[in-house]
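For reference, the structure is listed below as structure tokens.
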Amino acid sequence: MDEAYDPQAVEKKWQARWRDEGTYNVDNDDPRPSFYVLSMYPYPSGPAHMGHVRNYTFGDLIVRHRTMQGHAVLSPFGFDSFGLPAENAAIKTGVHPRVFTEQRIEELKSSVQAIGAVYDWRREVRSHEPSYIKWNQYIFLRMLEAGLAYRRNAPVNWCPGCQTVLANEQVLADGTCERSGDVVFKRDLEQWFFKITDYADELLADLDGLEWPERVKTMQRNWIGRSEGAEFDLAVDGDPDTKVKVFTTRPDTSFGMTYAVLAPEHPLVPALTTPDRQAEVAAFVERVGKESEIERMSSEGALEKRGVFTGSHVVNPFNGKPVPVYLADYVLMGYGTGAIMAVPAEDQRDWDFATAYGLPIVRTVQPPEGWEGEAYTGDGPKINSEWLDGITDVPTAKAQAIEWLEQQGIGEGRVNYRLRDWLVSRQRFWGCPIPVVYCPDHGIVPVPEDQLPVLAPDDVEFRPTGESPLKFHEGFLHTTCPVCGGPAVRESDTMDTFVDSSWYFFRYCDPWNEDAPFDQAAAAKWMPVDQYIGGIEHAILHLLYARFYTKALADLGVGPKDVREPFKRLFTQGMIRLGGAKMSKSKGNLVAPEEIFETQGADALRLAHLFVSPPGDDVDWEAFGIEGCFRFLKRVWRLSLGETVENPDVDKAAHALIVRVSDEFDRWSYNTAVASLMEFVNLLNKQGATAFAVDTLLLLLAPMTPHIAGELWERRHGTDIHKERWPEADPELAKPDSVTLVVQVNGKVRDRFEVPPDIGADDAERLALSSARVQEHLGGNEPRKVIVRPPNLVNVVA
RNA sequence: GCCCGAGUGGCGCAACCGGCUGACGCGGCGGACUCAAAAUCCGUUGUCCGCAAGGACAUGUGGGUUCGAAUCCCACCUCGGGCACCA
């Protein structure tokens, strides 16, 4: 009994057992009801940090809890093992990215196991392995075949110092290259895209059915950015065959159009520029072309410098009046039609521009009485709008304007999205090669399926040029055309690593499959993921791409037809800070989980993560009550191995505890669940521990602190607690014998009574009025009113 | 600027449906054990007044609804996050 709690010994023993026994392996024909729990697969960056620990603690708790509840729980793990850091390391040290990456994987894997988190390791997936690359490429080709993957010329970030394209993430906030410090500018290049915009509407609509945090759904809605409006033609004044197409969300305001604006890159700019405006327009277009995205998007800067008059006019089809055509840097070629009608009275930005350039302002919506603002964007009756006048609300006017455009045959109702197609090609080595070749005679030719995977060669040289070594590897580059057998060139770009992470959760269902990315029936058994867990930083990119992929796979016949959303429930955990700052390697303020494993142990650390705050909140490491949790576990240890007593009151409390903690687990209220267990241990220390109480305590602790729970249960019973069922309370015993009746006078607590839970209203009132303290506060007067809420409260109103 | 979210002891937080504010833990204070320390255990701990019994005041600020508000409504302040020329 005097043996002290030794977390290191206990944790090592149980981790080895789970690994060797495969306790949490689960087969695809498991008859129990299935449940899929998944933590986002990590980029392997070395040993786990506190963020990982937090993530995997919640995931593991759910895996173990659901298993105890009788589910077959799929809990796989893998690695997002392609990516830039490994390539940068290769350039610096000459070590091949694979060697570098696999070392990091082993480090991360071993510290994930040291947390005590359990997975079916037979299903491990690593995105850099040929078996994954093959099916990643296969899906790409299916996308290509279906027209969902395409190649086109697009403006991308170009760094002149590195002589290469950069990902958006590599461009710093000030518009410079993170590596060379050069100013990045836009350059047109042939790139591969996925047609995610085909799914814009479905991606938006299906958000409604997901049990995700509202803010993540809102972020996705904003990102997709659906707007309804109309598209119509403006004929050029004096040249009616040339038309400028504009998009607007407010066709009802068209009578108030006093000018039109084109993006500087708009193809009609040369045709619309009159000879006398030539020099000024050319200078403006050149200047905007040289501006970084940051400068251009900045709302600072004098409006007078942000536009230029072309010299031409277009005709407003609504009233036949000509209006001047300007160029402005704030009109973007990539959205809508790259041209707008400007209605300064109902759009603040147009108002500002019109004011700066002395252009007229005509209101078409009557602002409310006392309106003192400038542009009015609210609802109201139409004015100055001929046949729209008299309509009292904007939506009706909008619909009529669209109807008119369609009747006239010059425009139509139209929906636009902010969402752009997904640029997936990267000029990098350490990624999944794009499996196509370019033939002089046959153009883009997919690599035949039986030649997959296309693997990058190992004998490459990593040079600090910023360019992919694949581009210089003659043996890789030169191949033959699968169609004609003639000489052809391989694509040397690789895929964005977000492609890898867009379907790995399907592969986990059937990672052994050699004939397909995964078997449909296996995927249908587990998918969608019942509980997905990860960081909020993936709120848009990964989660949107994975949703797109799931829909596309279903439509391609690769995925199960009915699985159109990958993640039914999503939980995003908070960030870990230290002294207010975000915890990160670069800031050097990392607390290594190893330090805790070697002292208080993984169980104490897990418990501290659960206890410190509600799971979704950001937490500060300084707030962690790791000592208190360690102390608590030591008490549990002593209590469980000590003498037990008989005490029906304590057994009763244990039944109540089961009800309470089960409810707290269901509500993700893990911090209060820990508090409940601590309170219970305090009770056992005072009133003595019964055998049932200790067993209950250990069962409830098992998902949270699995090592110590396993050890103590084994010492008490010789069996494995992790094969036990989650306890169930006897509802009769869980009911309290008495409750506290609070007696208030005028809403202030003046007395308390212990009463039976089924006390009647009359008895409660009588008891309350019998209180000397209540009578004192009544001062001899009759109460004006008595509110009775048995069995908890009586409020006497004096 | 717009859209979310949050403000409760010295600190992390709890109070689930409008009904005992501060559970649980950290920290502090006092004590036991010890030559001493660590570990462990016990007590105490919102503020103010009072010897005490007790009382008053307390959930960012100001109003409101209600027998009763941390909780609901209105206005404002502060902090955190997201979006930000998207026509």
Checklist entry - Got at least one residue in segment A:537-554 being of a type in the set (D, E) and either within 16 Å of RNA strand B (Cβ to nearest atom) or touching a strand residue (DSSP E or B) at 6+ places or on another chain (Cβ under 9 Å) (or both)? => result yes
Checklist outcome for this item: Taking segment A:355-376 and keeping residues in contact with a helix residue (DSSP H, G or I) (Cβ under 7 Å, 6 or more places away or on another chain) and within 13 Å of RNA strand B (Cβ to nearest atom) leaves A:A356, A:E374, A:A375
Next on the checklist: Going by what's in this entry, would A:V636 be described as over 19 Å from A:E714 (Cα atoms) and touching a residue at least 24 places away in the same chain (Cβ under 8 Å)?
Outcome noted: no
Checklist entry - Out of A:E728, A:E711, which single residue is acidic (D, E), touching a residue at least 24 places away in the same chain (Cβ under 8 Å) and within 22 Å of A:D6 (Cα to Cα)? => result A:E711
Checklist outcome for this item: A:A488 fails exactly one of (1) of a type outside the set (S, T, N, Q); (2) under 30 Å from A:V315 (Cβ atoms); (3) touching a Pro at 6+ places or on another chain (Cβ under 9 Å), namely (2)
Checklist entry - What residue, of A:I340, A:I383, A:I410, is among the hydrophobic types (A, V, I, L, M, F, W, C), out of contact with any helix residue (DSSP H, G or I) (no Cβ under 7 Å at 6 or more places or on another chain) and within 12 Å of RNA strand B (Cβ to nearest atom)? => result A:I340
Checklist entry - A:V325 passes all but one of (1) aliphatic (A, V, I, L, M); (2) crowded, with 22+ Cβ neighbours inside 10 Å; (3) within 14 Å of RNA strand B (Cβ to nearest atom); which number fails? => result (3)
Next on the checklist: Going by what's in this entry, would A:V742 be described as closer than 30 Å to A:A653 by Cβ, open to solvent by less than 40 Å² (accessible area, probe 1.4 Å), in a strand (DSSP E or B) and of a type in the set (V, I, T)?
Outcome noted: yes
Next on the checklist: Looking only at segment A:658-673, count every residue that is more than 28 Å from the chain's Cα centre (by Cα) and either free of Cβ contacts under 8 Å to residues at least 60 places away in the same chain or near RNA strand B (Cβ under 9 Å from one of its atoms) (or both) and tell me the total.
Outcome noted: 2
Checklist entry - Tell me, which residue of segment A:745-770 that is outside any strand (DSSP E or B) and within 11 Å of RNA strand B (Cβ to nearest atom) is least open to solvent (accessible area, probe 1.4 Å)? => result A:G747
Checklist outcome for this item: Among residues of segment A:126-147 being of a type in the set (A, V, I, L, M) and buried (at least 21 other Cβ atoms within 10 Å of the Cβ), the residue farthest from A:P97 (Cα to Cα) is A:M143
Checklist entry - Can A:L701 be described as crowded, with 20+ Cβ neighbours inside 10 Å, more than 8 Å from RNA strand B (Cβ to nearest atom) and under 39 Å from the mean Cα position of the chain (by Cα)? => result yes
Next on the checklist: Restricting to segment A:194-252, count the residues that are within 16 Å of RNA strand B (Cβ to nearest atom), under 17 Å from A:A342 (Cα atoms) and of a type in the set (A, V, I, L, M).
Outcome noted: 4
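The values are calculated or read from the model by the stated rules, or taken from the named source; none is laboratory data. Treat the numbers as computed from the prediction; the structure is a model and nothing was measured. Please note: Cβ atoms are built from the backbone with ideal geometry, for glycine as well, and neighbour counts cover all protein chains shown. We work out accessible area using only protein heavy atoms, side chains counted, and drop any ligands, DNA or RNA first. Shrake-Rupley method; radii C 1.70, N 1.55, O 1.52, S 1.80 Å.
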